[in-house]
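Heads up: the structure comes next, in structure tokens.
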Amino acid sequence: MTETKNFINGCYCDSSSGKTFDNINPCTGELIGKVHEASAKDVDRAVRAARKALYGPWGKMTDMERGAILHRVADGIEARFDEFLAAECADTGKPYKLASHIDIPRGAANFRLFADAVANFATEAFQTPTPDGQGAFNVAVRKPKGVIAVISPWNLPLLLMTWKVGPALASGNTVVVKPSEETPLTTSLLGEVMNDAGVPPGVFNVVNGFGPDSAGAFLTEHSGVDAITFTGETRTGEIIARAAAAGLRDVSLECGGKNPSLVFADCDLEKAIEGTLRSVFSNCGQVCLGTERVYVERPLFAEFVRRLAQEASNFKLGVPTDPDTDMGPLVSREHQKKVLAYYALAREEGATVVLGGGVPDVPESLANGAWVEPTIWTDLPDDARVVREEIFGPCCHIRPFDTEEEVIELANDTTYGLAAAVWTENVSRALRVSRQIDCGILWVNSWFLRDLRTPFGGTKHSGLGREGGVHSLEFYTELQNICIKV
Ligand code: NAD
């Protein structure tokens, strides 16, 4: 049994209200442990600790000194790789095979990249003529924004949390993190790594709990927070944007998607199948960038559907530690209920169920887990809810198309605009089509090929702002212009 506490001012502490909640293993439904739920008082203490730390040694360090400490944080994650891996997979149920390649290495990389990037981040200067002929110099300097509230989701807990904490700390801010109630373990473990790396107390704080009337709302509504960075559902993003409006605080929102994949008949079929398999089913379909709508040019349609279903039917569902496991469960029984409701709705809306559509047979020991089958549908109308709403499960709808114009219109016919994939060997078509898709991140002949220096974010209901590389540093700093009259 684990006991996950809040981490405030460099120390692990119990909830001041004495309230705890259960952390459940999604594979088995068994209790992993208890989590201390931060009260409004605890959140206030964390925000005050973060404010005080801004003016302590952290605020006086050079970018290089802070960068050196953040490299030690990355070293610490790598040194305790197995602990992070076990914690992340216990919380999420995702296979070790996946988390050891993606989640944990990226957790460390997020600190390294931004520690180095901040040292190479230039600002602007202008020489300004004045009537006396002497002139003036304008120089823009970057300063930390202050106390940053980091609200993160459960699908890639360490990866997405450090994606924000890395650049926030590299820029000299202090943070209060509210991890998802479903997955508190790796964020909590990071507190120990921060202490060991020499991060001063108060620079990194963690408050556990839920959203409304709990730690999430207490934190985002706290007037001592200078900016909020959030990853999660669009609906929650809207609530957080409203909270940020009080005091005109800056907000970065990375939200949901209903991402299309456009497969042209001139694609390399093997690559398109392999990439689409990953984009639909990785992490049991719980990836914001994942594909839930696949459009295939008609001559390739039947073969594509057959091949994708055949490959997906070979997936081995199982526990994280089994090296043969391709897919784990969903994150919780509650999320399973939501995904299964969409599986039922697909039938009502007239889908042909090509693969799956239900709960798989699992051994007795896993019977209380959040398992669902990898699922493929065809024949749904374009206005079906299953085709329009984000499901966040291991499923997709595949539809044929005849022309480039048609598929561009279909791909853009959504309130979301996060990611898309285009599969074609024709480079002119790739560029022509890509530029017409309304989304923030587009891959040609690949998926989830991430370079952390590139802009990351969505259009429409998928978010507000961009993070990644220089864009993260822009969000986490305030630009001050200093004009010096000669
Ligand atoms: P969620 O919105 O339910 O929760 C995200 C976080 O917000 C959690 O920590 C939660 O406790 C907190 N929260 C909820 N209500 C709140 C409130 N009123 N005030 C303050 N905090 C609140 O999202 P989720 O279910 O954890 O994650 C899945 C969603 O995240 C999907 O929609 C997915 O597309 C999206 N997502 C987006 C990206 C991206 O980069 N665009 C990445 C991963 C996940």
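Throughout, read-outs are computed from the coordinates displayed, never taken from laboratory work. Computed from a predicted model, the values in this text were never measured in an experiment. Using ideal geometry, Cβ is built from the backbone for each residue, glycine included, and neighbour counts are taken over all protein chains shown.
Structure shown: which of Lys60/Lys143; Lys94/Lys337; Lys60/Lys178 lie over 20 Å apart, alpha-carbon to alpha-carbon? Exceeds cut-off: Lys60/Lys178.
Take peptides 456-462, 297-303 and line them up by average Cβ neighbours within 10 Å, highest first, as a rough protection proxy.
456-462, 297-303
Neighbour counts of other Cβ atoms within 10 Å put Leu185, Leu169, Leu464, Leu85 in the fewest-to-most order Leu464, Leu85, Leu185, Leu169. Using the rule -39500 (n - 2.57) for each DSSP H run of four or more residues, divided by the residues of the chain, the 222 nm mean residue ellipticity is -11500 deg cm²/dmol. Listed by Cβ neighbour count within 10 Å, with the fewest neighbours leading, Tyr343, Tyr55 appear as Tyr55, Tyr343.
Remark: the Ile484-Lys143 segment gains 120.9 nm on full extension, using 0.36 nm per residue and subtracting the alpha carbon distance.
Computed from the C-beta positions of His71 and Asn368, the FRET efficiency with R₀ = 56 Å rounds to 0.85. Counting only DSSP beta bridges with both residues in the chain, tell me the antiparallel percent, nearest 5. In the chain, approximately 40 percent of DSSP beta bridges are antiparallel ones. All C-alpha to C-alpha distances of the chain, sorted into 10 Å bins beginning at zero, yield P(r) values of 4, 20, 28, 25, 15, 6, 2, 0, 0 percent in whole numbers. The long axis of helix 40-54 is offset from the longest Cα principal axis of the chain by roughly 60 degrees. Ranked by how many other Cβ atoms sit within 10 Å of their own Cβ, fewest first, the residues Tyr476, Tyr342 fall in the order Tyr342, Tyr476. Take every Cα pair under 8 Å whose residues are at least 6 apart in sequence, average their separation, divide by the length of the chain, and the relative contact order is 19 percent. Here region 208-270 and region 340-372 have alpha carbon centers that stand 28 Å from each other.
For the cross-link pairs Lys258/Lys460; Lys5/Lys52; Lys145/Lys485, which exceed 23 Å when the distance is taken from alpha carbon to alpha carbon? Pairs exceeding the cut-off: Lys145/Lys485.
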